[in-house]
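Engineer: Mind having a look at this structure? Questions to follow.
The values are calculated or read from the model by the stated rules, or taken from the named source; none is laboratory data. No experiment lies behind these values; they were computed from the predicted model shown. Methodologically, a virtual Cβ is constructed for each residue, glycine included, from the backbone with ideal geometry; neighbour enumeration extends over all protein chains shown. The accessibility values were calculated without ligands, DNA or RNA, using every heavy atom of the protein model including side chains. Shrake-Rupley method; radii C 1.70, N 1.55, O 1.52, S 1.80 Å.
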Amino acid sequence: QVQIVESGGGLVQPGGSLRLSCAASRSAGRLNVMSWYRQAPGKQRDFVALITDSNSIRYEYFVKGRFTISRDNARNTVDLQMNSLKVEDTAVYYCVVEVDGFFYWGQGTQVTVSS
């Protein structure tokens, strides 16, 4: 059993910043990859960033240089610092964690970038 709680979404103006947080709790198993995806209205769900348990990081091209992913292995949390936000970053952001080869999705948190 894995539970995921996301927080930190909201409304921000273009050029602003938000920080998303995700806490994962599990009864057993090894927490490996932690990642963020997003889904804009009427569009497919897209990969945003991931971080492994050894802190290897990968970003999708459209957030590289603006977003920073980090994790705290002791607390089983992953954060996504989002800077220089654009209107096109508006989406529901999902935290996804991989435990022993199985993937678990959070409920999502809304990020709206608008003036």
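Engineer: It is to be established whether one or more residues within segment 89-107 are of a type in the set (Asp, Glu), without any contact (Cβ under 8 Å) to a residue 60 or more places away in the chain and open to solvent by 20 Å² or more (accessible area, probe 1.4 Å). Let's see the steps before the verdict.
Structural biologist: Narrowing segment 89-107 to residues of a type in the set (Asp, Glu): 89, 98, 100.
Filter once more, so that each one left must be without any contact (Cβ under 8 Å) to a residue 60 or more places away in the chain: 89.
Now restrict to residues that are open to solvent by 20 Å² or more (accessible area, probe 1.4 Å): none.
Among the residues of segment 89-107, not one is of a type in the set (Asp, Glu), without any contact (Cβ under 8 Å) to a residue 60 or more places away in the chain and open to solvent by 20 Å² or more (accessible area, probe 1.4 Å), which makes the answer no.
Engineer: Let me ask you something else. Does Ser70 qualify as being in a strand (DSSP E or B) and without any contact (Cβ under 8 Å) to a residue 24 or more places away in the chain?
Structural biologist: Working: in a strand (DSSP E or B): yes; without any contact (Cβ under 8 Å) to a residue 24 or more places away in the chain: yes.
Criteria met by Ser70.
Engineer: Something else about it: Scan segment 31-60 residue by residue and report those that are open to solvent by less than 80 Å² (accessible area, probe 1.4 Å), in a loop (DSSP other than H, G, I, E, B) and among the charged types (D, E, K, R).
Structural biologist: Asp53, Glu60
Engineer: Here is a follow-up. Could you list, in sequence order, all residues of segment 79-88 that are in contact with a Ser or Thr (Cβ under 7 Å, 6 or more places away or on another chain) and either open to solvent by less than 60 Å² (accessible area, probe 1.4 Å) or without any contact (Cβ under 8 Å) to a residue 40 or more places away in the chain (or both)?
Structural biologist: Asp79, Gln81, Met82, Asn83, Leu85 - these are the residues of segment 79-88 that are in contact with a Ser or Thr (Cβ under 7 Å, 6 or more places away or on another chain) and either open to solvent by less than 60 Å² (accessible area, probe 1.4 Å) or without any contact (Cβ under 8 Å) to a residue 40 or more places away in the chain (or both).
Engineer: Search segment 53-76 for residues being polar (S, T, N, Q) and at pLDDT below 95, and hand back the single one that is farthest from Ser17 (Cα to Cα).
Structural biologist: In this case the residue turns out to be Ser54.
Engineer: Can you tell which of Ser25, Ser115 is of a type in the set (S, T, N, Q), surrounded by fewer than 17 Cβ atoms within 10 Å (Cβ to Cβ) and closer than 25 Å to Gln1 by Cβ?
Structural biologist: Answer to the check: Ser25.
Engineer: Name every residue in segment 42-78 that is more than 18 Å from Ser7 (Cα to Cα) and of a type in the set (Phe, Trp, Tyr), in order of residue number.
Structural biologist: Residues satisfying the conditions are Phe47, Tyr59, Tyr61, Phe62.
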